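Asker: Structure in structure tokens, see below.
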Amino acid sequence: MVFVVDGEEGVGSVREIRQDRAELLIYIENAGDFVVPLAAIKDVHSDKVILDFDRLDLRVRDALRHARDSEDPHYEAPPSNETLETE
């Protein structure tokens, strides 16, 4: 998963690691695929890629600002009819 801030919701995923070009191909929700230089990565841990927002080009920054636009802010998950079993 790709994040702008560790601990917040992910904004996309890594599609491809291009070590020979020192870049990643990432998918950003609601925007599509973008090439990101490895220099724009702040950290990698726990299967997370944390981007350094200030080192990204303007198109990627704009896509990240709108990654959640299609989500319905009024959506509530339906209640579950299943009960959890406890030991």
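Asker: Please go through the stretch 49-60 and give me each residue that is exposed (fewer than 14 other Cβ atoms within 10 Å of the Cβ) and either within 13 Å of the chain's Cα centre (by Cα) or closer than 13 Å to Phe34 by Cβ (or both), ordered by number.
Answerer: Of everything in the stretch 49-60, those that are exposed (fewer than 14 other Cβ atoms within 10 Å of the Cβ) and either within 13 Å of the chain's Cα centre (by Cα) or closer than 13 Å to Phe34 by Cβ (or both) turn out to be Asp52, Asp57, Leu58, Arg59.
Asker: If I ask for residues that are assigned to a strand (DSSP E or B) and over 12 Å from Val2 (Cβ atoms), which ones from the stretch 18-68 would you list?
Answerer: Across the stretch 18-68, the qualifying residues are Arg18, Glu23, Gly32, Val35, Pro37, His45.
Asker: I'm checking my understanding of the structure. Among residues of the stretch 1-23 that are under 13 Å from the mean Cα position of the chain (by Cα) and of a type in the set (A, V, I, L, M), which one is nearest to Ser46 (Cα to Cα)?
Answerer: Met1
Asker: Would you call Val4 surrounded by 14 or more Cβ atoms within 10 Å (Cβ to Cβ) and either touching a Lys or Arg at 6+ places or on another chain (Cβ under 8 Å) or not aromatic (Phe, Trp, Tyr) (or both)?
Answerer: Answer is yes for this residue.
Asker: Any residue in the stretch 40-64 that's in contact (Cβ under 8 Å) with a residue 12 or more places away in the chain: show its pairings with residues that are of a type outside the set (A, V, I, L, M, F, W, C) and exposed (fewer than 12 other Cβ atoms within 10 Å of the Cβ) at Cβ separation under 8 Å, as long as the two are six or more apart or on different chains.
Answerer: Asp43/Asp6; Lys48/Asp6; Ile50/Asp6; Ala63/Gly32
Asker: Could you please tell me which pairs satisfy a Cβ distance under 8 Å, a separation of 6+ or placement on different chains, a first residue in the stretch 18-37 that is under 13 Å from Leu64 (Cβ atoms), and a second residue that is assigned to a strand (DSSP E or B) and of a type in the set (Gly, Ala, Ser)?
Answerer: Short answer, once both residue conditions are applied: Ile26/Gly12; Ile26/Ser13; Tyr27/Gly12; Tyr27/Ser13; Ile28/Gly12; Glu29/Gly12.
Values quoted throughout were computed directly from the atomic coordinates according to the rules given, and no laboratory measurement underlies them. Predicted model only: the values in this text are computed from it and were never measured. Here the Cβ is made from the backbone with ideal geometry for all residues, glycine too, and neighbour counts use every protein chain on show.
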